[in-house]
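First the structure, in the form of structure tokens, and then the observations on it.
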Amino acid sequence: MEQDIEAINRQFDKDPQGLVRWALSLDRSAICTTNFRPFEAVILHMVTRERPDIPILWMDSGYNTEATYRFADDLTRRLALNLTTYHPRRSRAHREALEGATPSIEDPRHAAFTHEVKLEPFQRALSEMAPKVWFTALRAEDSPQRAQMQPVSINSDGLLKIAPLLRWNARDMYRYLQEWNLPNNFDYFDPTKVEEKRECGLHLQH
């Protein structure tokens with residue numbers, strides 16, 4: 001299987017749409033995750049072009065900007081996304097009433113915060129939906145860790161992880177948005193990452 005994955009990575013390294021088509025041709029239960037950050041319309045458009053009803057999963061931490069929530073609603077309508085949203089078990093208001101504002105990344109409580117608002121909802125989503133294929137909008141230029149990844153990989157639990165846009169840069173993403181007349185969102189903030197090149201942990205565990 002590892003040899004097959006290596007061959008697939010070579011074949012589709014510069015063909016994101018072809019990789020999406022190949023992964024869906026496996027006819028396994030598939031999901032696509034999103035956080036409605038900048039350029040997210042690209043991956044969502046790519047996967048729904050091939051399978052309009054593919055489940056789209058959003059781990060909504062409750063800490064998104066107003067613009068991100070408006071963008072999510074607009075894009076969901078525009079692409080007719082089959083969207084399922086997972087929230088933390090506590091609301092933002094509940095958490096902040098007991099523990100205060102978002103802890104900084106230097107705060108020892110930040111890891112627990114990240115687990116509560118992002119990692120636990122994602123683990124719950126995987127448990128409930130039990131997908132075999134996971135599409136993600138990871139790009140190599142996002143962080144040093146992601147630069148070491150491959151477009152196709154298999155997680156320790158056997159989940160096939162597909163990152164069609166891994167080799168694309170911001171210019172490639174912008175061109176795709178222009179070609180398909182898709183909206184974008186630049187007013188985005190992830191409190192679990194804070195710094196642009198920092199990992200939130202989701203893709204380190206999976």
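None of the figures in this text is laboratory data; all of them are computed from the coordinates on show. Since we're looking at a predicted model, the values are computed, not measured. Note that we place each Cβ from the backbone using ideal geometry, even for glycine, and neighbour counts take in every protein chain shown.
Some notes on this structure:
- Pairwise centroid distance, computed over Cα atoms, of segment 135-181 with segment 1-64, Å: 9
- Backbone amide hydrogens, once placed in the peptide plane, bring residue 83 within less than 5 Å of 56, excluding anything fewer than 5 places away on its chain.
- Taking every C-alpha pair closer than 8 Å and separated by at least 6 residues, the mean separation divided by the residue count of segment 1-148 gives a relative contact order of 28 percent.
- Label assignment, Rg and Dmax of the Cα atoms in Å derived from the structure, set (i) 16.8, 52; (ii) 21.7, 83; (iii) 19.7, 60: (i)
- Restricting segment 76-106 to trypsin sites (Lys or Arg not before Pro) that sit in a DSSP loop and have at most 12 other Cβ atoms within 10 Å of their own Cβ leaves 89.
- Packing here is the average count of other Cβ atoms within 10 Å per residue, and on that basis the peptides 173-183, 64-74, highest first, run 64-74, 173-183.
- Pairs of Lys residues in the chain are counted when their Cα atoms are under 20 angstrom apart and they lie 8 or more places apart or on different chains; the count is 5.
- Whole-number Å³ per residue for the convex hull built on Cα positions in segment 1-91: 122
- Each stretch of four or more DSSP H residues adds -39500 (n - 2.57); spread over every residue of the chain, this sum gives -12000 deg cm²/dmol at 222 nm.
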